[in-house]
Structures are given as structure tokens and as C-alpha cells.
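Notes follow once the structure below has been shown.
Each value in this text was obtained by applying a stated rule to the coordinates, not by laboratory testing. This structure is a prediction, so every number in the text was calculated from the model and none was measured. With ideal geometry, Cβ positions are generated from the backbone for all residues, glycine too; neighbour counts draw on all protein chains shown.
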Amino acid sequence: MDILLFPENNNLFNEIGIEISNSLFDLYIWNEGERLRDFLSHGCVESVSKENATQIILIALGCCIFYDMNNNNEKFYFEKLPKLFQISFNYLKNYKSQYHPRNILERRMVQVFDKLTQFEKYVEKSQNIDIKLDVELELNFEFQKEIFQLSDAIEKHDLKLIDSLYPVNMTERELNKFVIIKNVMIQVEEMMQFLESQFDELLIKVSDRSAWKRHRKHFKFLHKNLHLFFKMMKIFVNFSILDVKENFNEHVSLLEVSSSMQSILNKMEYQKSFESNLFIKLIKTSSLCLFHLQQEFDDRHVITENTKKI
Amino acid sequence: MSVREEEANIWKKRGDKESNNLLKHFCYGKYNQIIQNDSKFLNLPSTFPSSLSDKVQNLVLFEELKNDTIESLLNENFTLNLQTFKKINLIINANTEDEEFLNASTFIQIYSIQIEKKFNKMSLEDFKTIPKENFTLISKEDMSHIFELHKTKRSLLSFSMASSLLENALGDLLNLHKVEVPTKLSEILSLKKLKELLGEDLIFLLKLMIGPLNGLNLRNICLHGFITPKEFPSSYAIFLIVLILTVSSSFSVIEHRPLKNYHIKNLLIPSIESIDENELLKVLQTSLFVIPGREECWVNCIKDFFNGKYKDSLLMLFPLIEHSIRRIYVIVNECTDRLLTAGNQTILNILREGCSLHHDGYFVVSRK
């Protein structure tokens, strides 16, 4: 089956269409897919759930209807079909790839975005707790304004899952970009976990008054500035999603974000406190991937320009 | 007018001779329905051709019988008498590339028919009385199910299941001896360690049946959907069952690696209800996706599904889908010769030729 679905110079995909292609790639090809066929034929499967089996039955019977000689695409034909075939055809017709690397990445990005939102709400809630903090925080983060300006511009975009109407193949460059964004998402998740545990730990100490002055200072910093982290990360996640979409126009603002982040980073490098170190790490994470995305854009931009000239 | 007929008209308008040929090939299996509308298809053969090449067909469907007595082929405990197999030159000292190897594989069917006769009298209950020592490789429960499938005239499924479970069991055996398990059965059978464990004679018989391309290569022919249930000689299923019982008898208990359980993972699947067999058949018969002669197989898959036998259902359904896709593939890519199984000197068309895998396992393709 691998060779039948090998994407290069293969007219099969034009013939069977995107829905069948996506379903077959999910069943047979994508590494992160279920690979049920492989495991079954190598004798490694103990049991298969009804849902898993149903999915394959629906795809198979849906294909039968796609290629039914009586199928004239008219309402009357579909109404006359036995219900099992009606359901199968509708399922296949609306099939969205589950294991295309882009979809997997997208799901991960949306998850990260949701987690950020949840954590943000949690931190906001904790601000209602009456805690007496007797420390002065003398930090001057001028870059805050810049981040807020950026995020105001960005949060107008909606986070939407992209339809799975992708070609089944990918270029090497696309693939590299996915790998980079995937790795950065993992870093963002790790960073969030670290921050959550730090915040919880400090919150407990401050609440039961066992916190030292140093703890209280850190807590106040986090309390006051975590929203910056959320904004920055949301900017990044949001732009990554836009970048994965095939809408090249969005990249103009991506460049702006990248350069802004770089300037923020330069300013922060002068501050050597716990807080600034933490934020430098955060911004480095974001700017690193923006850098890659920027490169990606530059390459494509050059290609587009050249094509225009031709 | 159906979608396919509309497409046919478009091609005809183009006046592209090649495209017309493609369409003919595509409709090959369904010419009966097509000729009602288009007399041009009358020149197609009156029966749907086999997807097995002549060479493979001769190998698999050899029907000549000899008068060997069944008693000398089998031991009392329903294992193969390897001495007899040596005498009748089914086990010989030959490499898989030798002509003798190919010759030996042509004789398997003759003897497997003899063995099948003996098992014809055996009921499922009788089969379950076979000593437990013969079920160390594959459990008695699974082997009984495989035997039951054979008894109910579903030998292709019986063979497919037996060969896949055997592959996994041989992997378990190698794993016990800390040998890295290759992904392909033919590679597993070529391992020195397995030769040490099973002995040359059994390895030779396994290779003849399911191993390299030069033998019957039944595992690939079945699991990649080339052969139809009607083409598949039922005796091969019983021969493999006896072969597994024979291999099992050489070992005491084997520790098996854990198997995979497939359970729902974020699947939004509509629920479906059973369908009348006639209604099902009616649609299958008019679908170009269903290759003529395989309708019954499709029906059995759906029946198995609604009877809760999901593994049975899918083990047959995957090859059916694969061969239907293969048929479309060869037509749209103008390589109808690849519809057939390859001859034994060329590689079966399941290879990843030209396919490079990226470090993350995804295809790397330059778009044109």
C-alpha cells in the first residue's frame, strides 16, 4: 500500500480526491496514526474496539458509494441508499485528517493556547486572595507597553482549527518548520509547568505566612507580571497558527513581532535579577522560533518575488 | 448519468486514445453494466481476469494429485512427519534462490490436500482435544478459531490470521533469546538464530509457504489482497495450521510480548445499524470499488463486524481496500501490469521504492 500511496508523480490523489486520500493516509501511512492494518497483519493486536472497526467500515463503504455506477450525485440517489451507506458516504465526504502532521501540530498549539488561558484565569483568581506583601518591587519594564501593543493587535485574530484539506505530501522545508514549531511548543509547555509549580509553591508559602522576604518578592513579581508571559506566549502561539495556515499575507506582522521581541530581549539582558532571567528565557524561546519562522518567510518571499519576475 | 460515465464522456471528447484505454481498464470488472450503455466495451474479455500473474497462478493453483498415504505425512499428535517430507523431496538442501526451491513449493499443494482430507473428518471439538503441548506458539483459543474459520469455508481468512499470529509468535521466540526482531516475516525466517531454534527442516517448509518471493509467498499474496477466496486453495490453511502445531511441539511455554489493544481515541464515529444482506449486495454489485468476485468477501466482512468479530472483519477488509485502490492506481498511472502479483524474480509491488523517509518519519517530497 505504501507505494500505491507514494505521493510523487502519482495521479491516484487526483482521482480519489482529498477525503479518500486523507482517510487512507490516516489508515496506512502517517506514523502517528493508528497503524491498525500494520499491527493486525503482523499479529500484534489483541482486541479492536467497535469504534475503531466502525471507522474503517465507514471508510470502505463510503468508497463503494464514491465509485457506485448509479451515483449521479443527486439527492434522490442518496435518499434511496440503505442507511448504512448513507452514513458511510457522509462520513467519508466530511472526513478530516486526524493524523496529518499539520493537524497534530495544530491540535497541540490549540491545547497550549487553552492551557495558557486556563493558567491565566487561575492567576487572576488568586489575585483576590488577601495577601499582605511588605516588599517594594522596583522594576522598570518599559517593554511591557510594547508587548501590550503587540498583543492588542494580535488578539483580534480568532484561533481556529484549519480545515484538513491539505495535500497529503509535504515539502522538506514545511516539514522542518513543523519540527521546529513542535519542539518550541514542547518548550512552552515545559515552561508553563515550571511556572505553575513555582507560582503554586510561592502562593502556599505566602498564604500561610511561611514565606521569606525573597519568596514574597518573587511571588509579587510573578503575580504582577505573569500576564506578560501569557500575552507573549499567546502572541507566539497565535502567530504560529497563522503561519501554518497558507495565508502568506499574515507574515508581514510576524516580522514585526519578531523584531519587537528581539529589542525587548536586548533591553532585558542588562537586568540580572531572578525575574529578568526568567523572562529572558521566555523571550528567548519565543524569539528563537520566530527567528525560524522569519527565515521561513524570507525564503518563501524570495521565491514568490522570483516567480513574479518570471 | 453516473459520475464515471460523465468522466468517460469528457475523455472521449478529448479524443485521447490512451485515456479511453484507461477508462476501459477501470471499468474492466464491471463491463456487464457498462456495455448496456456503450458498445465499445464489448471487446473486453467475458470474464474478469485473475490478479495473479501466470507464474504465481501456476504455483498456487497447481491441482495434480499423487497417491501418497496420509498416515506417513502426519504423526499421531497431528504434527508433520519431517522424515516423510524429506523422502518426498519437499524438504531438500536448497537455497531459496535455487530452481529446486521453486519446484519444491509447487508440490506443497499436492500434499496439503492429502493432509486436509484427514482433517475433514475432524470437528472443532476434536481439534480442541489436541494436546496443549502443540499450542505453545499460538494459544489453543486462537488456533481453534483459525481451524473453525477453515471449517466454515473461510480458508483465506484462516490462513491470513494464522500467518500473522505465527509472525508475532516467532518474534516472541526471538525476543526471548534477545534477538532483535525484523519487521518482515521473510527476514525473520532468514535469521540464523531461528534456524538454530526451529531446525532447518521446519524453516525450509515455512519459507516454501510464506517466506521469500521465490516460494509461494502466500502471506503477501493474501494480506495484500491479490488472491480471492475462490482462488485460494483451502488446503494451504490446514497445512499452515499443522506446520504451526509442529513448530509449537518443539517448545515448552513461551513468554509472549504484550499485544496492542485498539480502543477509541478521540474518535467521533456515528453509530451504525445492521443491514439486510440483499440490500448490501445490491450496492456492492454496482460499485466499481468492489472487484467482481469479491462481493461475498465484502459481505462477510460486514457480517463479521455486526457479529462483533472486529478482528476477523478488518483482517479481510484491509486487503480488499488495498486491492481496490491498487486497481485504481494502475489505471490512473497507466501501469496496468502492476495490477498483477510480480513474478518470482521481481519484487512484489509493496516496496517503498524511491521513497525516502525523513528523520521524523514523514515523507519528504519535492512538489512539482
> How many Cβ atoms of partner chains, on average, are near each residue of B:268-275 if near means within 10 Å of its Cβ?
Replying inline: 6
> Which of the pairs B:Lys195/B:Lys230; B:Lys140/B:Lys207; B:Lys140/B:Lys230; B:Lys140/B:Lys184 have their Cα atoms more than 31 Å apart in this structure?
Replying inline: B:Lys195/B:Lys230
>> Just want the ordering: B:Met143, B:Met161, B:Met122, from fewest to most Cβ atoms lying within 10 Å of their own Cβ.
In response: B:Met122, B:Met143, B:Met161
>> Just to confirm a number: summing +1 for Lys and Arg and -1 for Asp and Glu over residues other than B:Leu137 whose beta-carbon lies under 15 angstrom from that of B:Leu137, what do you get?
In response: -3
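Can you sort B:Trp298, A:Trp30, A:Trp212 from fewest to most other Cβ atoms within 10 Å of each residue's own Cβ?
A:Trp212, A:Trp30, B:Trp298
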>> Between region B:213-268 and region B:80-147, how far is it from one alpha carbon centroid to the other, in angstrom?
In response: 14 Å
>> More than 13 angstrom separation, counting every C-alpha pair in region A:1-74; what % is that?
In response: 73 percent
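So which chymotrypsin sites (Phe, Trp or Tyr not before Pro) in region B:202-281 end up in coil per DSSP with only 16 or fewer other C-beta atoms within 10 Å? List each step's numbers first, then the result.
Working: sites: B:Phe204, B:Phe226, B:Tyr236, B:Phe239, B:Phe251, B:Tyr262; in loops: B:Phe226, B:Phe251.
Those that pass, being in a loop and sparsely packed, are B:Phe251.
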> Got a sec? How would B:Leu268, A:Leu58, A:Leu81, B:Leu185 order by Cβ neighbour count within 10 Å, fewest to most?
Replying inline: B:Leu268, A:Leu81, A:Leu58, B:Leu185
>> Please give me the summed charge of the neighbours of B:Thr96: other residues whose Cβ is under 13 Å from its Cβ, Lys and Arg +1, Asp and Glu -1.
In response: -4
